[in-house]
Amino acid sequence: MTARGARLFSSVLNRLGPGWLPFADAASATLPLGRLLRLSLFQFSVGMALVLLNGTLNRVMIVELSVPAWLVATMVSVPLLIAPLRALIGHRSDSYRSVLGWRRVPFLGLGTMLQYAGLGMMPFALLVLSEAGESTAVVYALSGLAFLLVGSGLHITQTAGLALATDLASEASRPRVVAFLYVMLLLGMVLSALAFGSALADFSQLRLIQVIQSAAVVTLVLNVVALWKQEVRRPELTAPDRPRRPFREAWGELVADRTARRLLLALGLGTAAFSMQDILLEPYGGEVLALNVGQTTLLTALLAGGSLLAFLIASKRLSQGEDPHRLAAFGAVLGVFAFALVVFSGPLAMPGLFRLGTVLIGVGGGFFAIGTLTAAMALAEHSDSGLALGAWGAVQATAMGLAVGAGGALRDGFASLAEAGALGPALTEPAVGYSIVYHLEIALLFAALAAIGPLVRHARGGTPSGTRLGLAEFPG
């Protein structure tokens with residue numbers, strides 16, 4: 001390209017403006033776009049770890065390695081043990097003592113090394129587990145330790161990384177940064193799923209070792225690049241003689257706030273409602289609507305596409321001053337209609353209605369997540385953003401994990417009762433188990449609306465709701 005052509009191309013880009021560049025307006029003077037893109041790589045690595053733990057290894061362990069399903073479920077659920085501790089992790093990063101003046105970097109480094117160590121030992125632990133026959137307690141412990149290390153590192157990295165992003169972003173740009181980091185998490189999950197699927201298409205034990213240990217190296221590289229020269233040293237915040245509030249006192253102050261209690265309650269109920277269907281949508285499409293494998297696989301793309309659309313819209317609306325509680329409530333209302341469409345699609349035999357419901361579940365869940373995340377940062381002063389972010393992450397991750405497990409168990413239980421005729425002659429179809437779970441999700445969304453409703457009225461009454469929430473709370 002000639003110099004004149006390059007100048008012309010640059011001029012065209014400048015005339016397009018940030019409106020044509022997704023999330024370009026998320027940048028600010030304190031967090032330029034290039035720096036924000038680099039920082040967001042930690043979310044990409046978190047998405048990669050989530051796909052590996054919750055997706056790829058599920059199938060590999062059960063199908064290729066012949067590990068019992070109950071043991072796989074137990075191993076995958078081990079990282080949930082750390083989720084409730086995210087509030088404590090955030091508080092510790094808020095009040096960390098360091099002569100170097102860093103609060104977030106030490107936790108990012110610790111989380112990264114835990115992930116690296118867990119992924120490094122994981123393939124060998126799994127291979128020993130699959131070959132051990134009557135496996136010993138030591139083999140179980142080593143496999144569980146690998147999952148625990150990865151899960152711990154994931155939660156610590158995300159909690160500290162989001163708190164750092166909140167520290168760096170300006171108040172006005174935080175809603176857009178929240179949405180941008182959410183998109184990076186989705187991008188990491190999608191690209192990692194494609195990469196893992198391609199690499200393991202021709203499965204072998206050696207290939208499994210290569211893939212998981214490559215993920216360990218990529219995680220280390222991405223996180224180091226993400227945190228490099230991001231946090232400004234502030235010795236006055238980390239001085240050993242600086243007074244620190246005990247965690248119990250800080251947590252008590254947070255939950256003593258009626259707004260905080262309602263928000264966290266609504267978050268738990270809404271997250272559970274949107275998460276119960278995670279492992280049921282594709283089976284419902286195949287068993288009830290007779291969709292083939294390719295058609296059910298497309299449902300994941302539709303769900304992710306709906307979430308992405310919600311993030312884009314939410315970013316713009318929040319930057320224009322939209323109340324985050326109202327945005328979250330709107331997401332819950334959309335979810336009610338979405339699950340209703342899914343329920344009716346079976347009796348009406350309308351796959352199109354089912355696909356529309358799937359997209360709306362993604363949109364509603366995206367609005368709810370971004371709205372509650374943005375609202376959460378108003379719960380604390382900026383210096384306590386780690387605690388607020390940790391509280392959001394603890395509730396969200398715990399509710400999601402419990403809901404996914406409960407959704408599968410409820411579907412299986414009611415399907416067995418329906419098949420045995422215990423629910424009456426009118427309820428013997430394969431859709432019964434799914435339908436009961438979907439109706440329960442609708443009830444949970446109504447409960448979430450009841451919890452968050454007074455906060456919306458409070459905001460509409462003109463009472464200031466505090467600093468608009470930002471990125472810090474995002475967990476995964």
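What follows is calculated from the coordinates using simple rules that are stated; it is not laboratory data. On a predicted model such as this, the values are computed, not experimentally measured, just so you know. When we count neighbours, we look across all protein chains shown, and the Cβ atoms used for this are built from the backbone with ideal geometry, even at glycine.
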Dimensions (Å) - the stretch 80-153, Cα atoms, principal axes, largest first: 50, 22, 13
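Going by how many other Cβ atoms sit within 10 Å of their own, how do V150, V183, V255 line up, fewest first? Show your work: numbers first, answer last.
Details: V150 30, V183 21, V255 13.
Listing V150, V183, V255 from fewest to most nearby Cβ atoms yields V255, V183, V150.
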Starting from 0.36 nm per residue, how many nanometres of slack lie between N292 and T136 once their C-alpha separation is accounted for? 52.1 nm
Please check which bits of the stretch 106-123 a label hung off V225 would reach, taking the label as a point 7 Å along Cα-to-C-beta and the cut-off as backbone N under 18 Å. 109, 112-113, 116
Among the trypsin sites (Lys or Arg not before Pro) within the stretch 179-256, which fall in a DSSP loop and have no more than 15 other Cβ atoms within 10 Å of their own Cβ? K229, R233, R244
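What full-extension length gain, to one decimal in nm, is calculated for F446 and R244 as 0.36 nm per residue of separation minus the Cα-Cα distance? Provide the component values of the computation, followed by the final result.
Working: separation 202, 0.36 × 202 = 72.72 nm, distance 3.99 nm.
The F446-R244 span can extend by a further 68.7 nm.
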Normalised by the empirical 2.2 N^0.38 Å for globular proteins, what value does the Cα Rg of the stretch 186-280 take? 1.74
